[in-house]
Amino acid sequence: MEGGPRLPRRDRRRGKVVSSAWAREGAGDRAGRVDCGASPRTLQATNATVPVELPGTCCIQTSSGQLCFRAWRNALRGSQDVTDHDSPWGGSGLQSPTSRLSTNRGSIAFRIPNSPPLPCCSPINCTHPSSGGRSNTLALLQVDRAIAHVPRTSSCLPFACSPTMEATHQMSGSSLAPKGGLASLSSAFQKLKLGATSVAAPLKHKTEEILLRVSGIYEMIQGQREEYEGLTEQLIFLTTRVIGGAPNDGSISEDMRHALDVLQGICNEIDAELHKHLQTVGEPAVLPAHAAQGMKRLQKKLDKQSHHLTLVGTSDYMRDRGRCSMTIKGYNRRLRPPPKPAIFYGRDEIVQSIVDLLLKGDTCRIALLGPGGIGKTSTVATVLHDTRVEERFQGHLFFFSCEGIISASGIILAVAGALALQHGNGVREALIDFCASCKHVLLVLDNLETVWDSDDQAQVEEFLADCVSIPTMSLIVTMRGAVRPGGVDWNDAILDPLGPLSLEAARSMWIRIAKKSDSRLDELLQLLDGLPLAINLMAHHGQSMTPTELIEAYDQEHTSMLSRGKPSRLTSLEISIELSLSSPTLQREPSARTILSALSILPNGILRTEVGRMLPCISGSGRAVRALMQVGLAHDTAGRLSALAPIRDFIHERYPPVEPCFTELRDYFARLANFAEDLKTATAKKVVDTLRAEYGNVNAVLLRSWCASPGPDIAKLLLRATTNLASFSLTAAYGDSIPLLTISMMVLTQLGDTEGAADGAMAMAKCLCMLNRYDDAFEKLQDAKVTYVAMGNRVGAAHCTKGMGTLLGRKSPYVQGIAKLEDAQAMYKAIGHWEGVADCSWSMGEILRTHHRYGEAMEKLEDAKAMYEAIANPLGVANCAMSIGDTLRRRNHHDEATEKIEQARVTFEAIGARYSEAWCFRYLALVFIDQGQKAEAETMVERAVNLFLEIKRQDEADSCRALLSEVHAIDGSTGPEVAGSVGASSTSIAEAAREGAEWRAC
């Protein structure tokens, strides 16, 4: 090849390519290294031409393009120019040169003539036609600082290289593997990188250099190799076993230091002798007699000193074995536990449970499960840094992250390698034997799902079974999801996955990180749903922004805010979630993502038994649900499948539900909302329980449906569901339907459906009354009535008139309200709407008794009760009974009052009307106060307060607490006069407080 070095000569006896002169030509230009399979070997290339045997097509891939070579086995003879195909070298500094490909009886060498060095870390990928274009990278050729990937196929065996010997290979596929000393050398090079120590490193490097020199001469001298074979084997043993076993921390004795110094001198003598031989050896290479004698002398000297060094090392080991047993400080850093979390809240109970299990006499097996970012690793780290745990395991406490590992063998090899175990009988056996030799050993496999959730699952479980079969080993694994690996009897004490942090723990965590807060902190933390990773990431933003500002930003940016620093699963919630989405388990169940998209708009989750009915478009929903739980993106709470709020926010932003999924969701939850039409029937209790559990879901789906700009037909369906949901909200005092009603009225107005907008306005007026916004409610009723009258809707007009009469009855003169209610009652009678007639009578009775006209009030209330009983309306009957009971109390008929109020309370409890039930407890408390029964009164006040707080009626709860002063004024020794004064006082309080309940007349 013109301008290039002499190509390797062919050794016909051995059937391989060798060269003795190539490395000495053009010295200093380039250097490289060949790593072949699992046995790294070295190659020093001193010219721009690097002889490498490349089967098939070779593609040099640089950082900015590709340079392709195509060569067929044994097809090239001599030198040929091969032009590059598809070689946009760009800014790499090369001029897309015509590359030269040379062969010598099947051996191929390539070079880039007169070109600058290849860019740093430019991969060279080689493919073979038989591989279907797949890159089969097994060997690495490093030229200068460029990396070449050379495939090892059936016709391309591992290289055997030395400083004076190029890659040996026979293109026909009959390459001979290295034998004898070189076979040992091949194995030794793999070990050269292990065991390098700060103390012995200089000597080790010297022996490595001598080893390379000896092996080079060994290859050249075919007839006298016995003179070098012993020396080669001795150097291999010295480098990999004796020096490689020196302690990493430099804790060696003075005897060992002296022995190493003497050995250093011997190595220098060998180096000088080899240098002299390299200057005299030529072709054909014949070792001079005096050289052979010198080598034998040096080998004996090396044998003697190596033996002495071994004895010194053995003596040191036996002396220090008792007090210097291997601990974690002597192991690879990869097995060290992560630092103890500086900020850690809400897991004290689980940490104590795990510590207790580890400290027991028996070994334990713990699987710590939960979604990504829930704090599994932090919990384990806290356990491992417990001083009692550290003392028990005395350094044999190993923490291994399985992230990036793809097989059980990968775990075994990595752990054994980190422990620097010798494994002549097998890696698995060596690891098991080592653990069995420890008094107590704890192995923690973190993020085990990355390797368990793979095709190698059976082998992983087999490895875990091997671990737990060791009598001295305790095992902890952390995994995303809710499914534990098989093959292990896991401890019953730790079974449930880790859950979200409590609000108190989340608040403490926030304050420790952000150092500041405001009145909306709890609201922000509720958005993060107790997920520790989300809280941690948001709290770092909290160092420069208030919770109020963060809430506004989160509304715009969503989960993209939950990150900091370099993106990773520990610094970005979105990356953490994407890791779970890309898991093999989820990829095998494409329907799982559809269900997850549906869950993203369902804050209350969904009954697992209802998933199939909710989404009939999905077949095999059970498998999909199990897949979601297995990867930790969803969890089961009391039979309901749900996802944490940050996960829902991310999925809703990136993968929202699409058709036909969303239509099925809308229809399903609209049907649920319409159950509210049965609130006045015997099935009211079931309806209330169902809608209370699903209220958040129904509200969210209806809101999204209104925002989707529905057509007239869909709008009618949505309006019915919306008004029914508002009716439930009033009856059960649960939820806030005003935002939903507001957007429905807006959309209906845009569609030109004025009557539908009026229905929404009337429902809105009822909700406003519950918030004591009476003036706003009256305005809505007036507007709606105008529309109903114009449309000829007599029922709607009567409803509005009744509502306005009730509101006017709160004011003075209240007779205007009575008059409006009489007008409404007449309208109802005219159209045969008997429920409306009963409603008007009840409302008039309420107004009259509020203004102390008890006789007239009782008459109206009894009439209304009779009509409700006639039309089978238990809710109306209970309302009348409660009002009658309190009227009787005011007239000092305490026994009858107690009976009526208790009857009403039982009905309210059965129906689920908690607001009215709370008022019953309040009225009963007043009865007992009037009678001077302190204990009973305190009990009733407490129950009333608790119920009001449960339904978030703080004003009513405070009003009930005010009654406690009246309760405390009761004294068992007081006479009738005192009791009577207390009763009169409480009566006036009750009358004033009763004003707050007038909303129900709507």
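The values are calculated or read from the model by the stated rules, or taken from the named source; none is laboratory data. Nothing here was measured: the structure is a model prediction, and the numbers come from that model. A quick note on method: Cβ atoms are made from the backbone with ideal geometry, for glycine too, and the neighbour counts reach across all protein chains shown. Note: areas computed on protein heavy atoms with side chains; ligands, DNA, RNA excluded. Shrake-Rupley method; radii C 1.70, N 1.55, O 1.52, S 1.80 Å.
Out of Glu653, Glu659, Glu664, I need the residue that is open to solvent by 20 Å² or more (accessible area, probe 1.4 Å), out of contact with any helix residue (DSSP H, G or I) (no Cβ under 8 Å at 6 or more places or on another chain), of a type outside the set (Ser, Thr, Tyr) and not assigned by the TED database to the domain that holds Thr450. Which one?
Result of the check over Glu653, Glu659, Glu664: Glu659.
Looking only at the stretch 531-545, how many residues end up being among the hydroxyl-bearing types (Ser, Thr, Tyr) and open to solvent by less than 50 Å² (accessible area, probe 1.4 Å)?
Of the residues in the stretch 531-545, 0 are among the hydroxyl-bearing types (Ser, Thr, Tyr) and open to solvent by less than 50 Å² (accessible area, probe 1.4 Å).
Quick one: in the stretch 411-461, of everything that is touching a residue at least 60 places away in the same chain (Cβ under 8 Å) and part of a helix (DSSP H, G or I), which residue is most open to solvent (accessible area, probe 1.4 Å)?
Result: Gly417.
Tell me whether the stretch 520-530 contains one or more residues that are open to solvent by less than 60 Å² (accessible area, probe 1.4 Å) and at positive phi.
Looking through the stretch 520-530, at least one residue is open to solvent by less than 60 Å² (accessible area, probe 1.4 Å) and at positive phi.
Is it the case that Gly639 is closer than 22 Å to Leu369 by Cβ and in contact (Cβ under 8 Å) with a residue 40 or more places away in the chain?
No: the conditions fail for Gly639.
Open to solvent by less than 50 Å² (accessible area, probe 1.4 Å) and in contact with a helix residue (DSSP H, G or I) (Cβ under 7 Å, 6 or more places away or on another chain): which single residue out of Asn604, Asn674 fits that description?
From the options Asn604, Asn674, the qualifying one is Asn674.
Of all the residues that make up the stretch 528-548, how many are of a type in the set (Ser, Thr, Tyr) and in a loop (DSSP other than H, G, I, E, B)?
Final tally of qualifying residues: 2.
For the subset of the stretch 703-732 comprising residues that are within 28 Å of Trp919 (Cβ to Cβ) and either β-branched (Val, Ile, Thr) or touching an Asp or Glu at 6+ places or on another chain (Cβ under 9 Å) (or both), which member is surrounded by the most Cβ atoms within 10 Å (Cβ to Cβ)?
Thr722
Which condition breaks for Leu599 when tested against (1) open to solvent by 10 Å² or more (accessible area, probe 1.4 Å); (2) touching a Lys or Arg at 6+ places or on another chain (Cβ under 7 Å); (3) not β-branched (Val, Ile, Thr)?
(1)
Looking at Gly612 and the list (1) of a type in the set (Gly, Ala, Ser); (2) free of Cβ contacts under 8 Å to residues at least 12 places away in the same chain; (3) closer than 20 Å to Asn699 by Cα, which single condition is not satisfied?
(3)
Of all residues in the stretch 906-934, which are charged (D, E, K, R) and surrounded by 24 or more Cβ atoms within 10 Å (Cβ to Cβ)?
Glu917, Arg922, Asp930, listed by residue number.
Looking only at the stretch 935-982, how many residues end up being at pLDDT below 90, buried (at least 16 other Cβ atoms within 10 Å of the Cβ) and basic (Lys, Arg)?
Count: 1.
Only one residue in Val837, Val815 is open to solvent by 50 Å² or more (accessible area, probe 1.4 Å) and either under 25 Å from Arg849 (Cα atoms) or among the basic types (Lys, Arg) (or both). Which one?
Unique residue meeting the criteria: Val815.
Which numbered condition in (1) of a type outside the set (Phe, Trp, Tyr); (2) out of contact with any Lys or Arg (no Cβ under 9 Å at 6 or more places or on another chain); (3) surrounded by fewer than 18 Cβ atoms within 10 Å (Cβ to Cβ); (4) modelled with pLDDT of 90 or more is the only one that Leu573 fails?
Going through the list (1) of a type outside the set (Phe, Trp, Tyr); (2) out of contact with any Lys or Arg (no Cβ under 9 Å at 6 or more places or on another chain); (3) surrounded by fewer than 18 Cβ atoms within 10 Å (Cβ to Cβ); (4) modelled with pLDDT of 90 or more, Leu573 breaks only (3).
The conditions are (1) touching a Pro at 6+ places or on another chain (Cβ under 9 Å); (2) without any contact (Cβ under 8 Å) to a residue 40 or more places away in the chain, and Ile577 fails exactly one of them. Which is it?
Ile577 satisfies all of (1) touching a Pro at 6+ places or on another chain (Cβ under 9 Å); (2) without any contact (Cβ under 8 Å) to a residue 40 or more places away in the chain except (2).
Scan the stretch 853-898 residue by residue and report those that are open to solvent by 40 Å² or more (accessible area, probe 1.4 Å), of a type in the set (D, E, K, R) and within 25 Å of Tyr814 (Cβ to Cβ).
Scanning the stretch 853-898 gives Arg853, Glu856, Glu859, Lys860, Glu862, Asp863, Arg891.
Condition first: part of a loop (DSSP other than H, G, I, E, B) and surrounded by fewer than 17 Cβ atoms within 10 Å (Cβ to Cβ). Now tell me which residues in the stretch 352-394 satisfy that.
Hits for the stretch 352-394 are Lys360, Gly361, Asp362, His385, Gln394.
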